[in-house]
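**Q** Before I ask anything, here is the structure I am working with.
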Amino acid sequence: RCGCGSRSVHARRPCSRHRAVRPLSARDSPAPLPGTQSMADVSMRALERLLATAGSDQPAEAAELLVSEALVDLGAFCASTRLTGELLYNVRACACARALHMPLVSFAALDKARGTLEDFAKTYLPLHGLEPVDILRFMPELVYVESAIYAMDEANEQLANLTEQLDPLGFSSEATLLGVLDARRLLDSRVRAELETGKAYWALERKICRAIRVGEPLDEAEVIRAHELKSFDYRLLNCLVYNLRGVPADQQTLDFLRVDEWLTDLADDLFDYEDDVVKGSFNVYRCFVHLYGASANVRLAERISKLEVQHASSLAALGSVAQQAYRRCLQ
């Protein structure tokens, strides 16, 4: 039994109610690898700050900053030391508990996320064998994640219009988003990879938009790479739906959707070209004009033609049910 009288599964271990908030002691400290003692000292202080935020009544902004700082230190610590199972459990439990109750998004972000989620429901869910209305089953997670992505994207676009080179960019809300996904058991390798893809896209967006703003030359390879990474939020949402359904991702479907996203993004860039120029936003056609001048339309047409061939090939590789579902989306 725990000291509070509750029954505990393991001897000499507190009950679940007290396990996550008990103070750290010296015996909790993992044995550091050679050369990591100073990092261990820093990280143990970070863990203490992190544990202290769980269940605290301090303002959400201050608590979020503490959690963010602690998780950054913890990430470096975990990369070079061995955490005991119980200590790692305590840290994750406290971070997740705090993240679930931490405010993250604005109404403006929620409003912008609506259009993306509507499009996602109509074009992606049918390839899962679902109807668009089935998005209601996954509404809390999808709305939360897409709104958080929009909030971070807005912050990145504001920085992209500055002339200074700001890289890398850290988002205070990132730790909260990760904590919620971890608490909901959705933070697998694919989800983590798409979140990292988003950060890579934002870094390229800032670099490219700054170069156009100050009149510096662009690298076509970086423009194409940014274009390929741009719709990471759709891929992230799709990974979450697979996880929420409890089924493995279908690689052929993912490969097809990736090409479909590239073509859709190019169509959007052509439609939004003038608005994106005014706002200083990343736009592939805008970049091609900067790179090639009067021949930009020809260069972009060549890229679209190549992607259309790849799209047709990827669609043909899908099963008949998936092909029919996709064609119904186009009607």
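The values are calculated or read from the model by the stated rules, or taken from the named source; none is laboratory data. As the structure is a computational prediction, the values presented were derived from the model and not from experiment. Counting neighbours? That spans all protein chains shown, and the Cβs are built from the backbone with ideal geometry, glycine included. Calculation scope for accessible area: heavy atoms of the full protein, side chains included, ligands and nucleic acids excluded. Shrake-Rupley method; radii C 1.70, N 1.55, O 1.52, S 1.80 Å.
**Q** What is the sum of charges around S314, taking Lys and Arg as +1, Asp and Glu as -1, for the other residues whose C-beta is under 15 Å from the C-beta of S314?
**A** That works out to -2.
**Q** Sticking with this one: Given the peptides 197-209, 119-131, arrange them by the average over their residues of other C-beta atoms within 10 Å, most packed first.
**A** Descending packing order for the listed peptides: 197-209, 119-131.
**Q** Give the lysines whose C-alpha is closer than 23 Å to that of K112, dropping any in the same chain fewer than 8 places away, or say none.
**A** Within the straight-line cut-off, K112 pairs with K122, K199, K230, K279.
**Q** So if each residue of separation counts as 0.36 nm, and I subtract the Cα-Cα distance between V309 and R258, what length gain in nm does that give?
**A** 17.0 nm
**Q** Roughly how many nanometres apart are two label points built 7 Å out from the Cα toward the Cβ at A221 and A155?
**A** Modelled inter-label distance: 3.1 nm.
**Q** Ranked by accessible surface with a 1.4 Å probe, highest first, in what order do H290, H227, H311 come?
**A** Result of the area sort, largest leading: H290, H311, H227.
**Q** Report P(r) for region 187-259: all Cα-Cα distances, bin width 10 Å, range 0 to the bin holding the largest distance, values in whole percent.
**A** 18, 43, 24, 12, 3
**Q** What is the ratio of the Cα radius of gyration of region 230-270 to 2.2 N^0.38 Å, where N is its residue count, to two decimals?
**A** Cα Rg divided by the expected 2.2 N^0.38 Å: 1.27.
**Q** How charged is the neighbourhood of L195? Take every other residue with its Cβ under 15 Å from the Cβ of L195, and add Lys/Arg as +1 and Asp/Glu as -1.
**A** That works out to -3.
**Q** Sticking with this structure for a sec: Provide the three semi-axes, in whole Å and in decreasing order, of the ellipsoid equivalent to region 190-331 as defined by the square roots of 5 times the Cα gyration tensor eigenvalues.
**A** Ellipsoid half-lengths, sorted descending, are 29, 19, 12 Å.
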